[in-house]
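See below for the structure under consideration.
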Amino acid sequence: MRKIEVIKNKLKIGDEVVVVFEKSVTRFGTGAKIDCPKEYIGKRVYVMVRKSK
């Protein structure tokens, strides 16, 4: 069972995490995209948008 919690601005994900990587969002037509390694094609991912400083 998937469990995601936010407690006092801390994120807790109840799934096993294989890798965490950070990328910048880039323009793509009238939208945007995030590039990631092709080994993750077809995998379920989490995209977290951080608050800018």
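We did not get these values from a lab; they are worked out from the coordinates using the rules stated. None of the values given here were measured: they were computed from a predicted structure. Heads up, the Cβs are rebuilt from the backbone with ideal geometry, glycines too, and the neighbour counts pull from every protein chain shown.
Using 0.36 nm per residue, how much length does the chain from GLU39 to ILE4 gain when fully extended, once their Cα-Cα distance is taken away?
Numbers: separation 35, 0.36 × 35 = 12.60 nm, distance 2.42 nm.
The span from GLU39 to ILE4 would gain 10.2 nm if fully extended.
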For the chain, what mean projected area does the convex hull of the alpha carbons give, in nm²?
5.5 nm²
VAL17 versus THR30: modelled label distance in nm, points set 7 Å from Cα along the beta carbon direction:
3.6 nm
To make sure I understand the rule: partners must be lysines, Cα under 29 Å from the Cα of LYS38, and not fewer than 8 residues away in the same chain. Which ones qualify?
LYS3, LYS12, LYS23, LYS51
